[in-house]
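The values are calculated or read from the model by the stated rules, or taken from the named source; none is laboratory data. Just so it is clear, the structure is predicted and the values come from calculations on it, not from any experiment. Every residue, glycine as well, gets a Cβ built from its backbone with ideal geometry; the counts of neighbours run over all protein chains shown. The accessibility values were calculated without ligands, DNA or RNA, using every heavy atom of the protein model including side chains. Shrake-Rupley method; radii C 1.70, N 1.55, O 1.52, S 1.80 Å.
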There are 2 protein chains.
Amino acid sequence: MTTRTERTRLRILEIALRLFAAEGYDAVPVTRIADEAGVSHMTFFRHFPSKSDVVVTDPYDPLIAEFVRAQPAGLSPLERGRRGILEAWSRIADQSDVADDSVRLRLGIVATHPGLRARMWESQQVTQQAIAAALADGGTDVLEAEAVAGALIGALTSALFLVGAHPTLGMGDAVAGAMRALDPGPQS
Amino acid sequence: MTTRTERTRLRILEIALRLFAAEGYDAVPVTRIADEAGVSHMTFFRHFPSKSDVVVTDPYDPLIAEFVRAQPAGLSPLERGRRGILEAWSRIADQSDVADDSVRLRLGIVATHPGLRARMWESQQVTQQAIAAALADGGTDVLEAEAVAGALIGALTSALFLVGAHPTLGMGDAVAGAMRALDPGPQS
DNA sequence: GCAGAATTGTTAGTCACTAACGTCACGCGT
DNA sequence: ACGCGTGACGTTAGTGACTAACAATTCTGC
């Protein structure tokens, strides 16, 4: 049951992504997208609070934080975060359609544009804060929780940008590789 | 020998920071800053390419990458990065004046503003890329180098935001704490 | 003091985004 | 099937960041 709102939103989104990919993000004004979608620029902004949201929005679940919270308290904060993200990813990868072409297309657009990279990082901050809160609730002190969460999101974000820049790199491999890079290896 | 350019730049900077701190970043238009500094808005933009540069610019040296590169090749990439940043920081802290009040003031303004946080992260990306390149030159594969660099900058950035939000937290302590959070501890 | 160079000002314009308010069409109940 | 209320959409007018082109000013070396 697709409502009218969803249809309009999707139409705007597809046209915008096509134009951005073809002509470049900065070269395409919002009015152009609105025109080609047969709507006014106001309608565009009602569906996407800002131009960049078209390309940056995907609900990278605060569900990640739940998986972090679920890790055994005996582990170091970094290790809890690592494993939480890995588990969350495998859960997400199951219900596929996340690794679909639209995501890759968006990552491709974002990866080449510093301002959009920053916007994407900004959008990940809610996840980062959720992870930090999960760790801090587990008794980790605030500075360490914040630093670990920042590191995890930083590594993850870098990996996703690589995916956008490298058509041959799979998202699953990238995420797994990023988390492996933070693996301390066997502890003494 | 302070040139005219430097004087004008400094005047704009001081007035802008004062206004931002007093009334909020979004509430102060560029024209207002220009007026109070006795210049036109064009002069503002000639000294600061964008409004946010006033608050986000400080040359957090690509010197960091040199210290990373200088770490022994036997260590893991993460460990090389950790130690490189720690050494770079101690070197920077020596020639003081980095930890001065202006930096804290700017961090305070940035920390409360999501868009500015993103801009600051964006400005750290040149350092991140330099670190990634340093690691990749040392034989680390690209994904791991990129992920580690992202993690380091992510942790560092989070720590700096905490400094901005917490007047009692010292910058040195924050940086040290952030790096400690990524310490794998004694390896087996 | 004067020529040339660097710095700044003026003006006019583009684009992202917002507020207020009017209008129309969709889909719901009857 | 048909009206009617609500939500989706349009229009207009405006603000603020930022740029280009060119004119005017101040500064500096000689």
Original post:
Restricting the range A:136-171 to residues that are among the β-branched types (Val, Ile, Thr) and open to solvent by 10 Å² or more (accessible area, probe 1.4 Å), which is nearest to A:ARG117 (Cα to Cα)?
Top reply: A:THR168
Subject >> Residue that is farthest from B:VAL56 (Cα to Cα), among those in the range A:112-149 that are of a type in the set (Ser, Thr, Tyr) and more than 10 Å from chain B (Cβ to nearest Cβ) >> reply: A:THR127
Original post:
How about the range B:177-188: which of its residues are at pLDDT 95 or above and open to solvent by 20 Å² or more (accessible area, probe 1.4 Å)?
Top reply: B:ARG180
Original post:
If B:ALA174 satisfies every condition in (1) of a type in the set (A, V, I, L, M); (2) at the interface with chain A (Cβ under 7 Å from one of its Cβ atoms); (3) over 19 Å from A:LEU143 (Cα atoms); (4) open to solvent by less than 10 Å² (accessible area, probe 1.4 Å) but one, which is the exception?
Top reply: (3)
Original post:
Can you tell me which residues in the range A:178-188 are facing another protein chain (nearest Cβ under 7 Å) and either in a loop (DSSP other than H, G, I, E, B) or over 16 Å from B:LEU152 (Cβ atoms) (or both)?
Top reply: A:LEU182, A:PRO184, A:GLY185, A:PRO186, A:GLN187, A:SER188
Subject >> Residue under evaluation B:ASP101, criteria (1) without any contact (Cβ under 8 Å) to a residue 12 or more places away in the chain; (2) more than 12 Å from the chain's Cα centre (by Cα); (3) closer than 23 Å to A:PRO114 by Cβ, criterion not met >> reply: (3)
Original post:
Which one is nearest to the chain's Cα centre (by Cα), of the residues in the range B:23-34 that are loosely packed, with under 14 Cβ neighbours inside 10 Å and more than 8 Å from DNA strand D (Cβ to nearest atom)?
Top reply: B:GLY24
Original post:
From the set of residues in the range B:157-171 that are among the polar types (S, T, N, Q) and within 14 Å of A:ALA147 (Cα to Cα), which is farthest from the other protein chains (Cβ to nearest Cβ)?
Top reply: B:THR157
Original post:
Which one of these does B:PRO62 not meet: (1) in the same structural domain as B:ASP137 (by TED's automatic domain parsing); (2) out of contact with any helix residue (DSSP H, G or I) (no Cβ under 6 Å at 6 or more places or on another chain); (3) surrounded by fewer than 16 Cβ atoms within 10 Å (Cβ to Cβ)?
Top reply: (2)
Subject >> Filter result (open to solvent by 60 Å² or more (accessible area, probe 1.4 Å) and within 11 Å of DNA strand D (Cβ to nearest atom)) within the range A:1-22 >> reply: A:ARG4, A:THR5, A:GLU6, A:ARG7, A:ARG9, A:LEU10, A:ARG11
**OP:** Considering each residue of the range B:11-48, count those that are touching a residue at least 24 places away in the same chain (Cβ under 8 Å) and either touching a Pro at 6+ places or on another chain (Cβ under 9 Å) or away from DNA strand C (no atom under 13 Å from the Cβ) (or both), and give that number.
**Re:** 5
Original post:
Do we have any residue at all in the range B:38-53 that's assigned to a helix (DSSP H, G or I), more than 14 Å from every other protein chain (Cβ to nearest Cβ), within 9 Å of DNA strand D (Cβ to nearest atom) and open to solvent by less than 50 Å² (accessible area, probe 1.4 Å)?
Top reply: yes
